[in-house]
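These notes are about the structure you will find just below.
The values are calculated or read from the model by the stated rules, or taken from the named source; none is laboratory data. All values reported here derive from a predicted model rather than from experimental measurement. So basically every Cβ, Gly included, is an ideal-geometry build from the backbone, and we count neighbours across all protein chains shown. Calculation scope for accessible area: heavy atoms of the full protein, side chains included, ligands and nucleic acids excluded. Shrake-Rupley method; radii C 1.70, N 1.55, O 1.52, S 1.80 Å.
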Amino acid sequence: MDDVINEIGRDDFFEPSIKVGTLEGKAYQLSLWCEPYLWHIRKDILEKKGIQVKTPLSWIDAKEIAEKVNDPANDFYGLGITLGMNEDTTNQWNSLWWSFGGQYYTSKRASGVTLKSSATRNAVEYLVDAYKRKLIPPDAVEWDSAGNNKCYMGGRGMMVMNPASIMYSLSKDNPDLFNKTLLVYPPIVFGGTNGFVIYKTCKYPDLAKDLLVYILSDKKSYTERFIKPSWGYCCPIFKSVAEELKKIPYWEPFANAAEFTYGSYPFNEPCMALDEAGPKYIIVKMLQKIILEGQDIDAAIDWAHNEYVSIFRKYYGD
Amino acid sequence: MLSLPRKQSLIGYVLILPALLIMSLLLLYPFFYATWLSFHTKMIGAPAIYVGIKNYLDVLASKDFYIGFLRSITYTFPAVFLKLILGLGLALILNQEFKGRRIMRSLAIIPWVLPVFVVAFIWMWMYDYALGALNIILRSLGLPVVRWLSIDNAMMSLIIVNVWKGFPFFFMGILSGLQSVPQDLLDAASVDGASTIQRFRYVTIPYILPVIYIVSLLSIIWTYGDFTTIWILTRGGPGDASLVLPVLIYQTLYAEFDAGKASALSILTMPFSIFFIYLIVRLLRR
């Protein structure tokens, strides 16, 4: 895809959106959009309590805000963070963990796995502490990936981290809460990137490439007909489009986050081992071993680390 | 020259040959392919590499396999037992003559006709801690709310869904059995002084017992293989509270992308089903 990217204008792409589809210096994917996970915060409660929010909002600051507003006796919780068996648990963990300095690997081999680290311990302690102190709803360990959405939309949560699906739903069904919601991005934003590939077996690869250039060269059409109707679910991978969107209040946090959105930090490159580890819910199981089974934190981290090591070994050797 | 009976028999074989071929293609090919795969490492998108019985040894050495089997049994037998009790009870009630009986019979089979994923999503909402119907009812009655899908309650809640969806099958089967009980036999028992319970025990039950066996065995096989409900509601969690074998197989295939290991796991889950299939075949022969 390098020729396609060059023709569209490599300089205008956010770097993570190119790296996410690049292997050994060759681009195999043309990104189309990224999907940042942002803090959704109850603006009305912030104002009532006189709390100021910094941008980007760190996880430490988020917890401090949560402590100020937490009211579990009335089924209202500071952090609507999911800990259930679903993708969002790992996604939110990524944002937290990366901001604490964690990363999955330093090099693509079994010995390069870096799950066992002080960053991991700190991130685990952060969540376990928040759960035990009921800053996170007790049922969060049972949620599906819509659990945090329901928590926020049902008025049980002060803040949640999610892509824009919540805002889209609120705009249709609960404009009042929509207007009361503040969107802020965390220091390192988790978010998948979606794009095009052309199969080796494609009969007309040049035609396919021409089509992709045609689709993505018209930035105005890309903005108006693709990005804007998504309500922030699809965020731009082009700097120029993001700059334009920053001028629109609703879009400003999404446009700002687009630049820092990673599927895997810091490399944001394709990794088969991570592709396998995600759906196995290793991170979720690690957290649930501690929270639900009372397992020692270090033992649970060791278990998760070893799971990642064996997956990395399978794909990349020792 | 062939004799007439042999000729007829040959024609018979020729006539069933297309059906046999189609059946073989639909049933045997996937089975043999899965068996073949189970002796290979087959990552999705990559060629298969022969590994002998390694996949089987890996599966048998894995704690998850035994947890999965235990969870599957814990899910299957209570669910089938409850479906039997409910189905039998309802069949006995709706076998009586009363006004509105036909409507009641139709209503009773609604859970059975609903697609399983619809049932799972209905119950997912019912079980929701904050917004679910069950907890809203409990709250309105001043009772403590329940975390229906918590680590302690998940299996029970899944069984409830399975029972709700599956009991009409028992109801329909047993009702058809009840309708075959000769009325004159029941009348004769009454004349002989048999009580209601005695008539049920010594006349009705022997008549409907074969039906009960068949529906129970079929239900054991289906419940043992249930995936959709569990995947939608809990994905095998929390922890491994509902990690039944079908979920484990799915995760092996679609998380590890390892069709060989997933196939070995599938083959190893089969003896349980085959045992109950054998029982059904024996019963049908009798």
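Rounded to the nearest whole Hz, the Karplus-based 3J(HN,Hα) values (6.51 cos²θ - 1.76 cosθ + 1.60, θ = phi - 60°) of the range B:145-160 follow the sequence 7, 10, 8, 4, 10, 6, 4, 7, 9, 4, 4, 4, 5, 5, 4, 4, with x at glycine and proline.
The mean number of partner chain beta-carbon atoms within 10 angstrom of a residue's beta-carbon across peptide B:123-132 is 4.
Over chain B, dividing the summed -39,500 (n - 2.57) contributions of all DSSP H runs of at least 4 residues by the number of residues returns a 222 nm mean residue ellipticity of -22500 deg cm²/dmol. Quick one: which residues, 5+ away or cross-chain, put their amide H under 5 Å from the amide H of A:Tyr262? H built at 1.01 Å from N. Under 5 Å from the amide H of A:Tyr262: A:Val189, A:Phe190, A:Gly191. Helical runs assigned H by DSSP (4 residues or longer) give chain A a calculated mean residue ellipticity at 222 nm of -13000 deg cm²/dmol, each run adding -39500 (n - 2.57) before division by the residue total. Let me check against my output: what whole-number percent is the relative contact order of chain A, with C-alpha pairs under 8 Å and at least 6 apart? This gives 32 percent for chain A. In the range B:63-285, the convex hull through the Cα atoms has an average projected area of 15.8 nm², a quarter of its surface area. For the pair the range B:168-226 and the range A:1-70, the centres of their Cα atoms are 63 angstrom apart.
Remark: the range B:63-285 carries 49 Å² of accessible area per residue (probe radius 1.4 Å; ligands, DNA and RNA excluded). Farthest towards the positive end of the charge dipole of the range B:63-285, among the residues B:Phe200, B:Ser242, B:Asn153, is the Cα of B:Phe200, using unit charges on the Cβ of Lys, Arg, Asp and Glu.
Can you tell me the relative contact order of the range B:63-285? Whole percent, Cα pairs under 8 Å, sequence separation 6 or more.
30
Of the trypsin sites (Lys or Arg not before Pro) found in the range A:50-81, those in coil by DSSP whose Cβ has at most 13 other Cβ atoms within 10 Å are A:Lys54.
For the segment B:237-247, counting C-beta atoms of other chains within 10 Å of every residue's C-beta and taking the mean gives 4.
In whole angstrom, the range A:59-103 maps to an equivalent ellipsoid with semi-axes of 22, 15, 5, each derived as √(5λ) from the alpha carbon gyration tensor and ordered largest first. Rg/Rh, computed from the Cα trace of the protein assembly as shown with Rh as the Kirkwood radius, has the value 1.05. For the range A:47-60, 3J(HN,Hα) computed residue by residue from phi via the Karplus equation (6.51, -1.76, 1.60; θ = phi - 60°) reads 5, 4, 8, x, 9, 9, 10, 8, 10, x, 8, 6, 5, 5 Hz, glycine and proline entered as x. Backbone geometry of the range A:185-199 corresponds, through the Karplus equation with coefficients 6.51, -1.76 and 1.60 at θ = phi - 60°, to 3J(HN,Hα) couplings of 9, x, x, 10, 9, 7, x, x, 10, 10, x, 9, 10, 10, 5 Hz, x marking Gly and Pro. Between the amide H of A:Ser31 and those of A:Phe196, distances stay under 5 Å, these residues lying 5 or more places away or on another chain, with hydrogens modeled in the peptide plane. Here the dipole of the range B:63-285 is about 260 debye; that uses its Cα centre as origin and unit charges on the Cβ of Lys and Arg (positive) and Asp and Glu (negative).
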